[in-house]
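Data block below; observations after.
The values are calculated or read from the model by the stated rules, or taken from the named source; none is laboratory data. Note that the structure is predicted; figures quoted are calculated from it, not measured. Reconstructed Cβ throughout: ideal geometry from the backbone, glycine too, with neighbour counts over all protein chains shown. With ligands, DNA and RNA removed, areas are computed over all heavy atoms of the protein, side chains included. Shrake-Rupley method; radii C 1.70, N 1.55, O 1.52, S 1.80 Å.
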Amino acid sequence: MIRIGIDVGGTNTDAVLMDGSNVLAGVKAPTSPDVMVGVVEALRKVLAAAGTGADKVDVVMIGTTHFTNAVVQRRDLAPTAAIRLCLPATASLPPMVDWPDDLRKVIGNNWWLAHGGNEFDGRVISKLDADELRGIAAEIRAKGIRSIAIASVFSPVSKEFEQQAGEILAEAMPEAHITLSSDIGRIGLLERENAAIMNACLRDLSRDVVQAFRGALRDVGFTGRFYLTQNDGTLMDADFAERFPVLTFASGPTNSMRGAAFLSGVKDAIVVDIGGTTTDVGSLQKGFPRQATVAVEVGGVRTNFRMPDVFSIGLGGGSLVVDGPDGVTVGPVSVGYKIVTEALIFGGQTLTTSDVVTAGGDADLGDKARVAHLTPDLIRRARDQIAFMLEDCVERARISADPLPVIVVGGGSILVEGPIAGLELIKPNHFAVANAVGAAIAQVSGEVDRVYALADMTREAALNDAKAQATAAALAAGALADTIEIVDVEDVPLAYLPGNATRIRVKAVGELNVG
């Protein structure tokens, strides 16, 4: 299978062309203000480097930061209506209660509470009221809102009320985008509701972005299927991505970690991905990023959909280096994609980390003569500060005293001098485009997260049921049946609930079926 992986970063858009497990070509193109220009350039460069026509490519996988950036920057977000099926319960904390004021204002702060919802074991809180929902639909239409998020209490246990409410609203408002929280989030009402609202407000943007990607691929002659990468390192097709844009959040760091595991052959390690602006650090477990176990904030909003346990610092190849009265500081400000015009080695006026490593003889970039004036003392102090920042990151990422290896990837990994925190250092082939490799090799997943009452069934039966549901979800997402395997099982007894309740989360993954 010939496939192209693309990862759109803040500084560069990386692309690789792979034949099976072999990387035939890997390239970088500057990320342009109009992101699609950089995507087209990267596509054309990687096809030329591999000597392959677009008609020979079977599938394209893309990782993008479009939707994360839209939330963080509070732009291109549609007015959204939030409907919670809950009455008479949960009325004390309204939807979006914990959102930043500016973000809540941008999408309109429109919410309604309605009857419905379930207890943890599936028992009904109150019956759905169709007339009540039709009245809410009329109010939403009067406000000119076309994006709706529906969340029901304990809908991961029973999604029937959300589905019925969605059908009623779709009949009343055929033009509306409707997001059901049970399709996105996990147990935990507020976080799951937040994720659904965030998804709904991105639906107009996701339609435009997916169409733009289709146009970019068509411009280079590709007419096959393309996929976007999710934040758990797996794939979703373009139509699914258009419906669930929030599932792309944090896909960039995830792609890098998956690519690092593939290129190095190491399944358990700490990954340090150094780009042009930031360094992302996280832990690999069985070749996948360790998942965050607590609510993850995106743009100041708590969510609970699957996210990698990755943190970032402002250190990259374009980070500014300032020698001040208190010593050398590195980052967090970066010249980003403007490094090719603003760094000293490229004729600019800004001292960056790339200038420092070039002056020290550890990289061959640009015109070394332009940094010949940098003193050995300044270079040494800057390198020491970079080493200190990296060591601090690795120590934060460690969850045990086990001496896990450190895999360093990303174009900015030229900043690494030697072993970090005394651990084995691995810099695999094609390290600079590991994020695009991670996109290209991404698999298809299915996941279930629900509460079981073990008073009614055995623990083994509950686990088997969850595994069967996760496998079915992977199949539905496009995985090859004979390649599906269970990669993660989490079983947490819930002592505060009656009925010997336990929360079970299972994840299944398989290879993409391109037949």
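Helix 459-476 versus the longest principal axis of the chain: what angle, 0 to 90°, nearest 10, using Cα atoms? The two axes meet at around 70 degrees.
Solvent-accessible area assigned to carbon and sulfur over the chain amounts to 51 percent, based on a 1.4 Å probe.
Accessible surface for segment 1-137, divided over its residues, is 41 Å² per residue with a 1.4 Å probe. Of all lysines in the structure, those lying under 20 Å Cα to Cα from residue 105, and not within fewer than 8 positions of it along the same chain, are 143. Placing unit charges on the Cβ atoms of the charged side chains and taking the dipole of the chain about its Cα centre, the candidate lying farthest along the positive direction among 353, 458, 501 is 353. The accessible-area ordering, largest first, of the residues 77, 93 stands as 93, 77, per a 1.4 angstrom probe. Figure note: 160, 242, 119 ranked by solvent-accessible area, largest first, 1.4 Å probe, ligands and nucleic acids not counted: 160, 119, 242. Averaged over its residues, segment 378-515 has an accessible area of 45 Å² per residue, based on protein heavy atoms and a 1.4 Å probe. Angle of helix 203-219 to the longest C-alpha principal axis of the chain, folded into 0 to 90 degrees and rounded to 10: 50°. For residue 483 and residue 454, the difference between the fully extended length at 0.36 nm per residue and the C-alpha to C-alpha distance is 7.4 nm. Against the chain, whose longest principal axis is taken from its Cα atoms, helix 376-397 shows a tilt of about 30°. Charge dipole of the chain (Cα centre as origin; +1 on each Lys and Arg Cβ, -1 on each Asp and Glu Cβ, all else neutral): 500 debye, rounded to the nearest 20. Peptides 285-292, 233-240, 397-404 ranked from most to least packed give 233-240, 285-292, 397-404, packing being the mean of other C-beta atoms within 10 angstrom over each peptide's residues. Taking the alpha-carbon centroid of each part, what is the distance from segment 335-373 to segment 231-285 in angstrom? The distance from the Cα centre of segment 335-373 to that of segment 231-285 comes to 29 Å.
Among beta bridges from DSSP that stay inside the chain, the antiparallel ones total about 65%.
Here residue 56 is the anchor, and the lysines within straight C-alpha reach of less than 18 Å, apart from those fewer than 8 places off in the same chain, are 45. Solvent-accessible surface of segment 227-322, averaged per residue with a 1.4 angstrom probe and all protein chains in place: 27 square angstrom. Contact order normalised by length for the chain, with contacts defined as Cα pairs under 8 Å and 6 or more residues apart; what percent is it? Value for the chain: 14 percent.
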